[in-house]
Structures are given as C-alpha cells and as structure tokens.
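Trainee: One structure coming up, written as structure tokens, with questions to follow.
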Amino acid sequence: MKLNPQQAPLYGDCVVTVLLAEEDKVEEDVVFYLVFSGSTLHHCTSTRKVSSDTLETIAPGHDCCETVKVLLCASKEGLPVFVVAEEDFQFIQDEAYDAAQFLATSAGNQQALNFTRFLDRSGPPSTDVNSLDEKVSLAFRHLKLPAEWNVLGTDATSHGKDLNEPQFG
C-alpha cells in the first residue's frame, strides 16, 4: 500500500489516495477501512473504491503534529476484519493552521490585527483567497480554545466601553 499524499494538515479534510500493491488486492466484495493510530487518538475512515488498485478517503483531523500508523483493514461478510497493509502518515501544521492560531490569539488586540492589512497587499493571488479562507476556517474549527474565548477577546469591553453600545466619534 502507498498513501498519496503521505501527510495532511492537523485539521484534515484532504483527499488521500491509497494505491494497493499487488499483494494487497483482495476479492471484489470486500469493504476497506483505514485506521489512523496516533499517540492519543485513533480514527477509522471508510474508503471509496476508485479502481481495482485505488481507494480514496478523506483525512481526519488530528490532535497534534506526529507520525501515525495507518492500517488498511478489510471486511467481508461472515469473516473477521483483517489488516491488509500498514503505512506511516504525518499530520502537520500548515500556514492555514498558523493563521488560525494567530487570529485566535490576537482576538481583541487591534495592533496585532492591523498586521492583516499587510496580507491584503502581499497575500496570495486572488484565485487562492477562497481556498485559503476555507482552509483557515477548517483550521479554526479544529483549534482547542478555552471556553471563555470569543472573537472580541477575553475582555468583553474595550477600554471601558461596552461593545454592545453604539459608539459615536
């Protein structure tokens, strides 16, 4: 078995192609699953058969950057589940995850958020903006934030002003 790509961002959600070696191929009526086994989390994903030697799945989100073991398991009615092959896979922190962390830690900090204006001038080409926005949104949903966190920052008021009240210059 060969995985392509061999890594995914922490928030997952990318297509992983599984190329079956000749010895990995089994009968037609077998259902394949992938089990991603990390140091603290295990994920089980279904696969979609693309061809006789190719499967696809969506990478799950993971809790930390690490190399995990991926087991290709097969199931056939009336028989126990068996491991067909195994391969290493990495979960990594990418630019979208870094951006989500920056935004989360900068909530309520106007000076830090002014930096985002720089991105308007030197950021990715406009064709990549939607893709980056989607990835940052996925990464943001995957962040572990304290229960008291909110987009306005940890202080619900800004310099003694109630943010729910209209502000007049």
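Trainee: Work out, step by step, the length gained on full extension between Q7 and D133: first 0.36 nm times the residue separation, then minus their alpha carbon distance; give nm to one decimal.
Mentor: Extra length available between Q7 and D133 comes to 43.3 nm.
Trainee: Write down the Kirkwood hydrodynamic radius of region 42-102, to one decimal in angstroms, obtained as one divided by the mean of 1/r over all alpha carbon pairs. Display every interim value, and only then the final one.
Mentor: On the way: mean 1/r = 0.0713 Å⁻¹.
Computed over Cα pairs of region 42-102, the Kirkwood hydrodynamic radius comes out at 14.0 Å.
Trainee: Still on this structure: Using a 1.4 angstrom probe, figure out how much accessible area region 1-67 has per residue, in square angstrom, rounded to the nearest whole.
Mentor: Heavy-atom accessible area per residue stands at 52 Å².
Trainee: With all protein chains present, how much of the accessible area of region 1-71 (probe radius 1.4 Å) comes from carbon and sulfur, to the nearest whole percent?
Mentor: Details: 1850 of 3600 Å².
For region 1-71, the apolar C and S fraction of the accessible surface comes to 51 percent.
Trainee: Turning to a different aspect of this structure: Taking a point 7 angstrom from the Cα of V30 along the C-beta vector, which residues in region 66-93 have backbone N less than 20 Å away?
Mentor: Taking a point 7 Å out along Cα→Cβ of V30, the residues of region 66-93 whose backbone N falls under 20 Å are 70-88.
Trainee: How far, in nm, would the chain grow between V50 and W149 when pulled straight, counting 0.36 nm per residue and subtracting the alpha carbon separation?
Mentor: 31.4 nm
Trainee: Something else about it: How big, in percent, is the set of alpha carbon pairs in region 1-90 lying more than 20 Å apart?
Mentor: Pairs farther apart than 20 Å: 29 percent.
Trainee: Just to confirm the filter: which GluC sites (Glu not before Pro) across region 57-116 are DSSP coil and have at most 16 other Cβ within 10 angstrom of their Cβ?
Mentor: Answer by residue number: E77.
Trainee: Quick check: residue separation of C65 and Q110 times 0.36 nm, minus the Cα distance between them. What number comes out in nm? Working shown, then result.
Mentor: Details: separation 45, 0.36 × 45 = 16.20 nm, distance 2.99 nm.
Answer, rounded to one decimal: 13.2 nm.
The values are calculated or read from the model by the stated rules, or taken from the named source; none is laboratory data. Treat the numbers as computed from the prediction; the structure is a model and nothing was measured. When we count neighbours, we look across all protein chains shown, and the Cβ atoms used for this are built from the backbone with ideal geometry, even at glycine. To get the accessible areas, we keep the full protein, side chains included, count just its heavy atoms, and leave off ligands, DNA and RNA. Shrake-Rupley method; radii C 1.70, N 1.55, O 1.52, S 1.80 Å.
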